[in-house]
Structures are given as C-alpha cells and as structure tokens.
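J.: Okay, here's the structure, questions in a sec.
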Amino acid sequence: MAGEPAYRRTVLAAGGALALAGLLAGCGRQAAEAGSLRVAIIGKGEQDQRILFRVAGIDPGVHAEYNYFQSGHLVIEALDGGALDYGGMSEIPPVFAAASPIHSFRQIAVLHGDVNNQVVLVPRNSPIADLAGLKGRKVGYVRATTSHYFLIRMLQSVGLGWRDIVPVALGVPEGAEAFSNGAIDAWAIYGFPIQHAIATQGARVLKTALGFLSGNYIISAHVNALADPAKVELVGRYLRAVRKGYAWTAAHKDEWAAIVARQIGVPLSYVQDQFRNASDPYTLRPVNDAAIASQQAVADLFASEKLIPQAVDVRPLWDNRFNSLIEEKA
C-alpha cells in the first residue's frame, strides 16, 4: 500500500526482568548483538518458524530478530537493503533481483514443500469453471512471486497468454480486500489467505499449483553475513533448527495443524484438509544442480515473456557451503 514501509521489524529481546547497571549492561548488549541474526518470516501459519521452534521445543542457539513480510519479493528488497541476514522466498523473487544491478544475497539451501497451498481462487458463485474461463477476466496476483509464475504457466496450459486476461498486481492484503469485495474475478495466491477465504467467504479453488511449481522454496543469506565467520556459524545453527523443526511437523501433524489454525483464525478442519492434501512435507535440501536448473527454467520463462529486461544466469546466486550441514544425519 502506498506510503507504507515495505517491511515491519519485530525484535525479540532476551533480558532479565531487572536492568543491569553500567558496564555490565553495556557488555550484555554487545554480547546480544554479536550473537544475533536478522531473520525473515513470511506471513502466518506454516512458515512462522518463531512459533514452530517454540512448540517443538527447539532452541536454535541464535538470538533471532524476527522481521515479518507479506511476500518473498519484500524479503529480497530487505536483503538488498542490508536489513536482513537470512530469509526465505520462492524461486521467483531472486530471478527479478538477478535481472537488476543489485543482488546482495546468496541462495544457500532449499526448503522443499507443498505446492497445493498455492492456488487460483474464485468466489463462491463464480461462473468460472476452469482455467480457460479466466480469459478476459480480472485476475489478481502478487508480482514477482510464485503466484505470478504459476498463473503464467496455468494460462499457457490452456493456450492463453498474459494478454488474454486483465492481470491486477496486488499485495496480499490488497488482494484479499479486492477478492472479498468483487473487484477481481479470480485470485492467484498462496498460504493462509486461501484457507481464510474458503472459511469466511466460501471461496472455491479453481486449480492448485501442482504440476506448475517445483516446490522449491529458497533460503538466502546476505553476502555480508556470509563473509563474517561468526554470522556463518549462526546461519548454520539456524539451518539445523529449521531442519529439526520441519521434521517435528511431519511427525506431529495434528498438533501442528491445531496451532496453525489458531494462528490464522480459521476452523481446524480447513487446515487439516490442507495438510491432508499437501503435495509434499517440508524438508531442508542442499544446493544441487537440480535446484539450480529448476530456478533457471523460471528465469527463462520470465525472460521469454519479457517480464524481466534480459535473460539471466541464476547459477552465480547459489552458494553450497552449507551442504554438508544440511545432509547431516539427524
């Protein structure tokens, strides 16, 4: 929304109930800063690692300063602006960054997971019955995100192109409002807004992104963090915690579903249904040729559609230094 900051920071501060005086207080602050990691959280629900670590009883061994974002392209903006050390996003936002002169991050891991939580929604009484029915319609999407990419591919699958619809680029909150008041005919969206729209408005899933998305969600770190041995150690600790956290969710689906349902404010049955229909559980994976090739295919599509100014090579964005840690046996 115009005039709003691109992101909002929430710092989790650890400290005693009583203030320490003088030198001791100063030393305590310096120690906290030295051991802190600025981490991005996107939206609510499954991706909120702050809540995941707490309910799973996992101590990442890192003083995390959590920053909340609505989408991955805002995480990239924050990384490029030097406001983050660590953040996750889909394959798509880094492609747009790679086409620009500024990209101050490297992609260090893959969190592979569900793509059935990325869909095109239509209102309850919509006459649109299939993807071909989107022709000539106003379709909301979030620019430079998975919804941008899978919408293009879905249209191509039925012989349509970007110019065959009326694409409306909207942030997540603006898209939710436009969908609820009938300003758009369909909405390409991801994550908890899906369950919320289904639960509160009777929205209908026209198509999921299964077969259109790889399921690869990228974990990135700022180049300055990767140049600092102390920060590299913290990033490694956090990655281990992420790996343990999502292993916990796979083993405690019912408990995790109840927590997610409470956080996003929908009946438990809607989240349970999402979990039952997930295409894959979330697992941490190393950087490899397949992951790089998958993102390159995304970049090539955006270049062919002239949605980025020129073709890009994504390989220089990747850094495999954490592969051995990611592949450690639990």
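FYI, it's all coordinate maths here, none of it is from the lab. Predicted model only: the values in this text are computed from it and were never measured. When we count neighbours, we look across all protein chains shown, and the Cβ atoms used for this are built from the backbone with ideal geometry, even at glycine.
J.: In Å and from the alpha-carbon atoms only, list the Rg and Dmax of the range 230-319.
T.: Here Rg and the maximum Cα pair distance are 18.1, 46 Å.
J.: Also, quick follow-up: Over 31 Å between Cα atoms, which of K44/K231; K207/K329; K44/K329; K44/K138; K253/K306; K231/K306 qualify?
T.: K207/K329; K253/K306; K231/K306
J.: Measure off 7 Å from each Cα along the Cα-to-Cβ vector at D254 and D80, then give the distance between these two points in nanometres to one decimal.
T.: That separation, rounded to one decimal, is 4.7 nm.
J.: If amide H atoms are built 1.01 Å from N in the plane of the peptide, which residues on other chains or at least 5 residues away come under 5 Å of the amide H of W318?
T.: Q107
J.: Sticking with this one: Taking 0.36 nm per intervening residue step and subtracting the Cα-Cα distance, what contour gain separates N125 from N288 on full extension?
T.: Extra length from N125 to N288 when fully extended: 54.2 nm.
J.: In whole angstrom, and with the biggest value first, how far do the Cα coordinates of the chain range along each principal axis?
T.: 68, 45, 44
J.: Normalise the Debye intensity by I(0) for the range 206-283, one equal point scatterer per Cα, no solvent, then take log10 at q = 0.14, 0.19, 0.21, 0.23 Å⁻¹ and round to two decimals.
T.: Debye output, listed in q order: -0.67, -0.96, -1.03, -1.09.
J.: Assuming R0 = 35 Å, can you tell me the calculated FRET efficiency for the pair E328 and N181, based on Cβ-Cβ distance, to the nearest 0.05?
T.: My answer for the efficiency is 0.10.
J.: Still on this structure, I have one more. In percent, how large is the relative contact order of the chain, given Cα pairs closer than 8 Å and 6 or more residues apart?
T.: 25 percent
J.: Expressed as cubic angstrom per residue, what is the convex hull volume of the alpha carbon set of the range 111-247?
T.: Roughly 127 Å³ of hull volume per residue.
J.: Still on this structure: In whole Å, how far is the Cα centre of the range 173-203 from that of the range 83-127?
T.: Using only Cα atoms, the two centres lie 19 Å from each other.
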